[in-house]
Amino acid sequence: MELVTRIIRNRLAAFGAVMLLLILIVSLLTPVFGLTDPNVIDTSNRFMLPFGEGHLLGADHLGRDILSRLLWGTRLSLMVGVAAAIIAATAGSLIGILAGYYGGRLDMILMRSIDVLMAFPYILLALAIVAVLGPSLMNALIAVAIVNIPFFARNVRGATLAIAQSDYIAAAKLSGRNTFSLLLFELMPNLISVIVVAFSTTVGWMILETAGLSFLGLGSQPPQSDLGSMLGEGRAALITHPHTSLIPGIMIFAIVMGINLLGDGIRDALDPRLAKGALRRALPITKIDRDLPLPRTEERGLLSVSGLKTDFQIAGKTTKAIRDVSFHIGRGECLALVGESGSGKSVTALSLTGLVASPPAVITGGKILFEGTDLLSLKFEQMREYRGKRIAYVFQDPNSSLHPLHNICDQLIESIKVHDGSMGRRALEAKAVQLLKDVRIASPERVMKSYPHELSGGMRQRIGIAIALANDPELIIADEPTTALDVTVQAQILHILKRLQRERGLALLFISHDMNVVAQISDRIAVMYAGQIVEAGSTKAVLEKPRHPYTKALLDCLPQLGKGQAMPRAINGSPPLLEDLPDGCAFAPRCSFVTPACQKRPIDVNLIGGRSLRCIRMELDDG
Amino acid sequence: MTRYLILRILAAVPVLLGITLVVFVILSLIPGDPAMAILGSYSTPENVAQLNQQLGLDRPLFQRYFIWLGNILQGDFGRSFALNRPVIDEIIERFHATLILSGTAFLICSLLGIMAGVISATRQYSWADKFITFSVLIGISVPSFFLGMMMILYFAVQLRWFPASGMYALYGGGGLSDLLSHLVMPALALAAVATGVIARLSRAAMLEVLRLDFIRTARAKGAPERRVILRHALRHAIVSILPVLGLQAGFVLSGAVYIEIVFQWPGVGRMLVDAILARDIILVQGGVLFVASCYVIFNIIVDAAQLWLDPRVKS
């Protein structure tokens, strides 16, 4: 039912459906309209124009009534096309079921034969068949049906194969059901939808193809005539009396268009990605629509973020992915952003240079000061000067974040080239080799020529880092750079990052869900929960004496070496849904220290002993 | 790469053999005695038997297949009785014309289709996108033969921009510019449907690719949008567009039959229709076999292009 409403809501599809329905009803009712006989020849009316006396749509070269011929012809064309589709569907499905269900040699023989049929451009096969059987509408129907069998056979075979290998068919076989009842009662119901979809996508074609054969004079023979042969006969007088060709041509066009519109509507309605907006094109820079007034930001160090808010707007619903996030990073400093997945770490990181896909993302508030410039006030071309040049990224999954079809050399030199067009190819390549050496790749010349799929995960991530280093940026944002890697490789990557950061005085925003990793690399930690930073302070202090209950709980989750007795404890409950956040503290429902005050109002950030904290309990504690 | 290509070519051999088998079987299904048809009023039982022996028609079917196949492999496709000349000569002459028409149409639909798809995807829901989407809908719904007729009416009869039919002017024609002026309309009419299909697919492929992680990497590098679209997104989308180009080439070749009739283009399609109406079966058989084989070879080329474009296929 939902499908039907979705098709109706799609205006074009509804238009197509109405048009088709109208044509269908008219052609069904043709016999009761009491039209003139379509075959009565009256040469005194030859080529009468439309709206002539007694002939609403005029008359053709033999003075026959075009309206009557059009309606009867439409009826015939539809019938022939649908009949061909039914034959093709039946035969094709049968072949597909046999091949898919029995498999083995039968499958091989049937599918190889289908392959051979598909190797013909479709009309050649149809022509060959008509050549043998002789021109007639029936033979055109048979030819068109045969040509379309492979399409059904392939689709149905695929679906059958999937079902035949499923557990419930295996169970039914074991229970001793006979094959026929299995096919009929278990397989068929599951195949119907596949067959219906294949039918609806080909029936328009088959109407067109039979009309086409008739147009060529190989289908319906006079006096019988369908839309194709009407058009074919009209062609002789195309220049002198175009109405005799225009009228049947427009009718074929209307039928095919109606079927296409409806078919597209059905396909769109069936595609979940369209409903979710997952096929919206992402803009080159995140949409920014900030609430005013902007926060007054005190500049601290290289990057100061204050009051950052990013929403996702999907199908009229707003999800607050980050809510009022503030932090800063000094030159040469490493800040770790820690939290569970979905806490907004990555969105925070990507928001900095407008890389969050939009739609659906919109940055709705805050300020990002980088060396005194508010990055959120930049136009795309200005932002480009920062991306990759002064602020560079290392992404989580080096498997998907490198271009699979460009070699490493091209991917490396691209980072340099887009910011500095003055360097020659040789200089660029030399620099790329140096970058590979910087990330400790042993045989850079070989790797330069490789494609990502030829390299290991650790290798790819080193290249990810090399790409980030290309323009000597001031800030590197590493978004879970080790998560997708093996533990041993993780250590190597961390080591490389740490060393580069020290040697080059890089500022590093390191995003991770892994407290152990964070402890190794960061100077300061900011802990995120449900789109907010709940606690931030120096790494040592936070790890030794966590003050926010969430940080504490997070640390309690970790097994600790040498402290055998303390069992790791999981946090009760699960993270809140961002679409449905409570008014008060988002962690309150899972917190073991919760008080009634926690859930009344939003909790503000407080600075206590060099630590920023979003919790009332701690306020009370130290107050 | 070479190894893969050799395998691919070897895999085409059974398909080609299958095609010859289908074509041969269809031919041998024809009702009636060919010898009787050829001899006409001279068909006494003795004459028929003698001719059958001469033609090898008295042997079992499978033997006849191999003899026929042997002849085909030597370039002997038989003799057309209606035209009274070797089938292969006629086919090669006609195929030349079809190749010019279909090749041009194929180039048009590939270039125009991909371009329209990219514009449509990168300016999603803009006026350009809506215009393209609408044109595509019209393009894929108009039967090519009807479109061709409308083009003749408007551009040849009304505006007199292009000649209405033929491949060369009957008098004084023959140059390249003459050919081109004759080619414009049929090539466009033939390309229309495929252009629509390719544009649609390219739009969807681009939208899908633009969501992938490596696009974000390209943006994070600071690449200009044009570069992101063409060097990163389109380069990846082409890999999924290419197989459809191969498929559409088959549709273009099929559509050429109608277009050749409408524009009186002297190609294989028109030859086949005429041959069917004249019951010149040997000519039909040769034409179908020849064009189908060329299509198989074309698909090998498409696969080779795929291999060249996607280094992942090799491993």
Query raised in the report: Going through the stretch A:49-63 one residue at a time, which ones are without any contact (Cβ under 8 Å) to a residue 60 or more places away in the chain and crowded, with 23+ Cβ neighbours inside 10 Å?
Result: A:59
Requested in this report: State whether one or more residues within the stretch A:359-367 are surrounded by 21 or more Cβ atoms within 10 Å (Cβ to Cβ), part of a loop (DSSP other than H, G, I, E, B), outside the structural domain of residue A:433 (by TED's automatic domain parsing) and modelled with pLDDT under 90.
Outcome: yes
Query raised in the report: Across the stretch A:212-221, what is the number of residues that are assigned to a helix (DSSP H, G or I) and either within 8 Å of chain B (Cβ to nearest Cβ) or more than 43 Å from the chain's Cα centre (by Cα) (or both)?
Result: 2
Report summary line: Checked against (1) modelled with pLDDT of 80 or more; (2) assigned to a loop (DSSP other than H, G, I, E, B); (3) within 26 Å of residue A:361 (Cα to Cα), residue A:280 satisfies every condition except (1)
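Residues checked against (1) among the charged types (D, E, K, R); (2) closer than 10 Å to residue A:338 by Cβ; (3) out of contact with any helix residue (DSSP H, G or I) (no Cβ under 9 Å at 6 or more places or on another chain):
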site: A:504; (1), (2), (3): yes, no, no
site: A:507; (1), (2), (3): no, no, no
site: A:522; (1), (2), (3): no, yes, no
site: A:527; (1), (2), (3): no, yes, no
Query raised in the report: Would you call residue B:119 in a helix (DSSP H, G or I) and either touching a Leu at 6+ places or on another chain (Cβ under 8 Å) or within 14 Å of chain A (Cβ to nearest Cβ) (or both)?
Result: yes
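Each row is one residue, and each column tells you yes or no for (1) more than 10 Å from chain B (Cβ to nearest Cβ); (2) touching a Pro at 6+ places or on another chain (Cβ under 6 Å); (3) over 30 Å from residue A:112 (Cα atoms).
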site: A:156; (1), (2), (3): yes, no, no
site: A:210; (1), (2), (3): yes, no, no
site: A:223; (1), (2), (3): yes, no, yes
site: A:226; (1), (2), (3): yes, no, yes
site: A:230; (1), (2), (3): yes, yes, yes
site: A:241; (1), (2), (3): yes, no, yes
site: A:247; (1), (2), (3): yes, no, yes
site: A:254; (1), (2), (3): no, no, yes
**Report entry** Residue satisfying condition, being within 19 Å of residue A:231 (Cβ to Cβ) and in the same structural domain as residue B:210 (by TED's automatic domain parsing), within set B:137, B:153, B:179
**Finding:** B:153
Query raised in the report: Just one of the numbered conditions (1) touching a Phe, Trp or Tyr at 6+ places or on another chain (Cβ under 6 Å); (2) more than 10 Å from every other protein chain (Cβ to nearest Cβ) is not true of residue B:209; which one?
Result: (1)
Query raised in the report: Considering the stretch A:513-549 alone, what residues qualify as being within 21 Å of residue A:481 (Cα to Cα) and in a loop (DSSP other than H, G, I, E, B)?
Result: A:513, A:514, A:522, A:523, A:531
Query raised in the report: Residues in the stretch A:283-306: is at least one buried (at least 16 other Cβ atoms within 10 Å of the Cβ), more than 11 Å from chain B (Cβ to nearest Cβ), among the small types (Gly, Ala, Ser) and closer than 30 Å to residue A:587 by Cα?
Result: yes
Query raised in the report: Quick one: is residue A:316 touching a residue at least 60 places away in the same chain (Cβ under 8 Å) and more than 14 Å from chain B (Cβ to nearest Cβ)?
Result: no
Query raised in the report: Of the residues that sit in the stretch A:503-533 and are more than 36 Å from the chain's Cα centre (by Cα) and without any contact (Cβ under 8 Å) to a residue 40 or more places away in the chain, which one is nearest to residue A:548 (Cα to Cα)?
Result: A:519
**Report entry** Sole exception among (1) within 11 Å of chain A (Cβ to nearest Cβ); (2) closer than 30 Å to residue A:258 by Cβ; (3) among the aliphatic types (A, V, I, L, M); (4) in contact with a Ser or Thr (Cβ under 7 Å, 6 or more places away or on another chain) for residue B:229, by number
**Finding:** (2)
Query raised in the report: Has the stretch B:188-207 got at least one residue that is in contact with a Lys or Arg (Cβ under 9 Å, 6 or more places away or on another chain), in the same structural domain as residue B:139 (by TED's automatic domain parsing) and closer than 25 Å to residue B:128 by Cβ?
Result: yes
Report task. Would you mind stating whether residue A:5 is among the β-branched types (Val, Ile, Thr), surrounded by fewer than 17 Cβ atoms within 10 Å (Cβ to Cβ) and at pLDDT below 90? Result -> yes
**Report entry** Filtered residues of the stretch B:15-29 (kept if more than 8 Å from chain A (Cβ to nearest Cβ) and at pLDDT below 90)
**Finding:** B:24, B:25, B:28
Report task. From (1) charged (D, E, K, R); (2) in contact (Cβ under 8 Å) with a residue 60 or more places away in the chain; (3) farther than 15 Å from residue A:351 by Cβ, pick out the condition that doesn't hold for residue A:298. Result -> (2)
Requested in this report: Could you look through the stretch B:258-315, keep only residues that are among the aromatic types (Phe, Trp, Tyr) and either in contact with a His (Cβ under 9 Å, 6 or more places away or on another chain) or part of a loop (DSSP other than H, G, I, E, B) (or both), and pick out the one that is surrounded by the most Cβ atoms within 10 Å (Cβ to Cβ)?
Outcome: B:263
Query raised in the report: Which one of these is surrounded by 14 or more Cβ atoms within 10 Å (Cβ to Cβ) and modelled with pLDDT of 75 or more: B:34, B:86?
Result: B:86
**Report entry** Residue in the stretch B:235-245 that is more than 10 Å from chain A (Cβ to nearest Cβ), over 21 Å from the mean Cα position of the chain (by Cα) and in a helix (DSSP H, G or I) present
**Finding:** yes
Requested in this report: Filter the stretch A:409-462 for residues that are in contact with a Pro (Cβ under 7 Å, 6 or more places away or on another chain) and in a helix (DSSP H, G or I) and give the result.
Outcome: A:433, A:436, A:437, A:452, A:453, A:457, A:460, A:461
Report task. Would you tally the residues in the stretch A:111-143 being in a helix (DSSP H, G or I) and within 12 Å of another protein chain (Cβ to nearest Cβ)? Result -> 23
Query raised in the report: Is the stretch A:108-126 home to any residue that is in contact (Cβ under 8 Å) with a residue 12 or more places away in the chain, assigned by TED's automatic domain parsing to the domain that holds residue A:225 and more than 24 Å from residue B:250 (Cα to Cα)?
Result: no
Query - Which numbered condition residue A:90 fails, given (1) assigned to a loop (DSSP other than H, G, I, E, B); (2) surrounded by fewer than 20 Cβ atoms within 10 Å (Cβ to Cβ) - result: (1)
Query raised in the report: Of the numbered conditions (1) touching a helix residue (DSSP H, G or I) at 6+ places or on another chain (Cβ under 7 Å); (2) among the hydroxyl-bearing types (Ser, Thr, Tyr); (3) surrounded by fewer than 16 Cβ atoms within 10 Å (Cβ to Cβ), residue B:154 satisfies every one except a single condition; which is it?
Result: (1)
Query raised in the report: Within the group A:396, A:434, A:382, which residue is within 14 Å of another protein chain (Cβ to nearest Cβ) and surrounded by fewer than 20 Cβ atoms within 10 Å (Cβ to Cβ)?
Result: A:382
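The values are calculated or read from the model by the stated rules, or taken from the named source; none is laboratory data. Note that the structure is predicted; figures quoted are calculated from it, not measured. Here Cβ is always computed from backbone atoms with ideal geometry, including for glycine, and neighbour counts include all displayed protein chains.
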